[in-house]
Amino acid sequence: MASIWKPSKPLRGVKPCAWPLARLNTRAIEQRINADSSDYAGPHLPCRCGEPVRYAGCRAKSFQSVLGEIRPERAYYHCRSCRSGFCPRDLVLRIEKTCLSPAVSRMVGRVGAMVSFEEGRQLLEELAGLRIDASQVERGAESLGVEIAADERRYTEPLEEKSLPPKL
Ligand SMILES: [Zn+2]
């Protein structure tokens, strides 16, 4: 795919003055999230498989937000039957299977669809101060593509089930 973004001169060294302030805000957001323990829902929860999942302590996870990296603590529940676990907070923050916030995922999807993954990485760093690997841009864009395809299948009816319009 041909790139439509061709920087005439690298923007390195140009750093919006708002970024350091944004980084301070990430610490405040992190502290606020970590002060809230409402994601702990007791020692047991029901699992998708029907068996109870057991609370197995707190786990930290870093994810990239539009303000920078945030590392919240999350209550972790583990199911012995499924041999898997989950963090209720991840569902709320919508970071269950990703290290990118929904807003950053949209940004990654946009640049991944328009330029090469390396150019997308550069754009995200230069325009938003986000340090995301080209491989993350690639995975994020591909993941969004899979979600979009699944949504299209879910919300469109198969052609065979639609009645054809009457002919005039
Ligand atoms: Zn289970």
In this structure, is R27 without any contact (Cβ under 8 Å) to a residue 40 or more places away in the chain, assigned by TED's automatic domain parsing to the domain that holds I148 and more than 16 Å from the ligand (Cβ to nearest atom)?
no
Residues located in the stretch 76-111, provided they are within 16 Å of the ligand (Cβ to nearest atom) and of a type in the set (S, T, Y):
Y76, Y77, S81, S84
Determine which member of the set E126, E138 is over 19 Å from the mean Cα position of the chain (by Cα), within 24 Å of I70 (Cα to Cα) and modelled with pLDDT of 90 or more.
E126
Filtered residues of the stretch 80-117 (kept if within 13 Å of the chain's Cα centre (by Cα) and surrounded by 15 or more Cβ atoms within 10 Å (Cβ to Cβ))
D90, L93, I95, T98, C99, L100, S101, V104, S105, M107, V108, G109
Identify, by number, the condition in (1) in contact with a helix residue (DSSP H, G or I) (Cβ under 7 Å, 6 or more places away or on another chain); (2) surrounded by 15 or more Cβ atoms within 10 Å (Cβ to Cβ); (3) at pLDDT below 90 that S143 doesn't meet.
(1)
Please indicate, with yes or no, whether at least one residue in the stretch 47-65 is at pLDDT below 90, within 24 Å of S101 (Cβ to Cβ) and within 16 Å of the ligand (Cβ to nearest atom).
no
Any idea how many residues of the stretch 20-70 are under 30 Å from G129 (Cβ atoms), charged (D, E, K, R) and surrounded by 14 or more Cβ atoms within 10 Å (Cβ to Cβ)?
5
Criterion: without any contact (Cβ under 8 Å) to a residue 40 or more places away in the chain, in a helix (DSSP H, G or I) and among the acidic types (D, E) - qualifying residue of E118, E126:
E118
From G42, G13, which residue is away from the ligand (no atom under 16 Å from the Cβ), of a type outside the set (A, V, I, L, M) and modelled with pLDDT under 65?
G13
Any residue in the stretch 42-56 that's touching a residue at least 12 places away in the same chain (Cβ under 8 Å) and under 7 Å from C79 (Cβ atoms): show its pairings with residues that are small (G, A, S) and within 10 Å of the ligand (Cβ to nearest atom) at Cβ separation under 6 Å, as long as the two are six or more apart or on different chains.
C49/S81; E51/S81
Would you say D39 is in contact with an Asp or Glu (Cβ under 7 Å, 6 or more places away or on another chain) and either in contact (Cβ under 8 Å) with a residue 60 or more places away in the chain or of a type in the set (D, E) (or both)?
no
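The values are calculated or read from the model by the stated rules, or taken from the named source; none is laboratory data. Quick caveat, the model's predicted, so the values are computed rather than measured. Positions of Cβ are generated from backbone atoms using ideal geometry, with glycine treated the same way; all protein chains shown enter the neighbour counts.
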